[in-house]
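Enquirer: A single structure is presented below for examination.
The values are calculated or read from the model by the stated rules, or taken from the named source; none is laboratory data. Given the structure is predicted, the values throughout are model-derived calculations rather than measurements. Cβ placement follows ideal geometry from the backbone for every residue including glycine, while neighbour counts extend to all protein chains displayed.
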Amino acid sequence: MILLRRDQGGGLKRNKEFPGELRQHRKMNVGVAHSEVNPNTRVMNSRGIWLTYLLLTVVLHIVLLSIPFFTVPLVWTLTNVIHNLVMYLFMHTVKGTPFETPDQGKARLLTHWEQMDYGVQFTSSRKFLTISPIVLYILASFYTKYDSTHFLINTSSLLTVLLPKLPQFHGVRIFGINKY
């Protein structure tokens, strides 16, 4: 494979210095396997992660449907509550990074949601993760036929996962919960 590059005159010549030269230049982090300063910022923009997220939610629902003696309204409520509980724990409770990052501890006190997309609000991944519990809530409400008990459980579950996603709560710890 011959790699060509443009010389100063505009013509093409062979790239002899570094034949594996990357097309996209990024800041080099020596001694780490990734090129992001904090990999938590880009994980939800990774290829196929949204599809995987949706498939795992569908698999959870199918597994719950396969349990005998569970009614359809109960399964929808359980799917909604388990989904929201897992998302709350992983996105709004766990802080820091699982990697050694060269950011000198800047992300140590931030949750995964606050680290996503470098804290920029209303990105496509943040919108997707905000809309998906709402869609699941609407489906759960519809299939439970708006039963008051299920409706109350599903609404409180939605609020616990939706409120921390609001930009007004970025970095806010209510009553000091999860402060350290």
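Enquirer: Among the candidates L54, L109, single out the residue that is assigned to a helix (DSSP H, G or I) and among the hydrophobic types (A, V, I, L, M, F, W, C).
Expert: L54
Enquirer: Which of the residues belonging to segment 71-98 are exposed (fewer than 13 other Cβ atoms within 10 Å of the Cβ) and not in a helix (DSSP H, G or I)?
Expert: Of everything in segment 71-98, those that are exposed (fewer than 13 other Cβ atoms within 10 Å of the Cβ) and not in a helix (DSSP H, G or I) turn out to be T71, P98.
Enquirer: Based on this model, can you work out whether L129 counts as surrounded by 15 or more Cβ atoms within 10 Å (Cβ to Cβ), aliphatic (A, V, I, L, M) and in a helix (DSSP H, G or I)?
Expert: In short, yes.
Enquirer: Let me ask something else. Can you tell me which of R126, R42, R108 is of a type in the set (D, E, K, R) and over 16 Å from H170 (Cα atoms)?
Expert: R42
Enquirer: Test L139 against the criterion of being surrounded by fewer than 16 Cβ atoms within 10 Å (Cβ to Cβ), of a type outside the set (F, W, Y) and part of a helix (DSSP H, G or I), and give yes or no.
Expert: Yes; evaluated as a whole, the condition is true for this residue.
Enquirer: Could you check, for segment 144-152, whether at least one of its residues is surrounded by fewer than 13 Cβ atoms within 10 Å (Cβ to Cβ), of a type in the set (S, T, N, Q) and free of Cβ contacts under 8 Å to residues at least 40 places away in the same chain?
Expert: The answer is yes; a qualifying residue exists.
Enquirer: Taking the conditions exactly as written (surrounded by 13 or more Cβ atoms within 10 Å (Cβ to Cβ), hydrophobic (A, V, I, L, M, F, W, C) and over 13 Å from the mean Cα position of the chain (by Cα)), does I134 satisfy them or not?
Expert: Answer is no for this residue.
Results for (1) free of Cβ contacts under 8 Å to residues at least 24 places away in the same chain; (2) of a type in the set (V, I, T); (3) in contact with a Cys (Cβ under 7 Å, 6 or more places away or on another chain); (4) under 30 Å from G176 (Cα atoms), shown as yes or no for each residue.
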| site | (1), (2), (3), (4) |
| --- | --- |
| R47 | yes, no, no, no |
| I62 | yes, yes, no, no |
| N80 | no, no, no, yes |
| H83 | no, no, no, yes |
| V86 | yes, yes, no, yes |
| M91 | no, no, no, yes |
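Enquirer: Can I ask one more? Go through segment 147-168 and count every residue that is modelled with pLDDT under 95 and either on the phi > 0 side of the Ramachandran plot or not in a helix (DSSP H, G or I) (or both).
Expert: Selection size over segment 147-168: 1.
Enquirer: Take A107 and decide whether it is at pLDDT 95 or above, among the aliphatic types (A, V, I, L, M) and either closer than 18 Å to S46 by Cα or surrounded by 15 or more Cβ atoms within 10 Å (Cβ to Cβ) (or both).
Expert: When the stated conditions are applied, A107 does not pass them.
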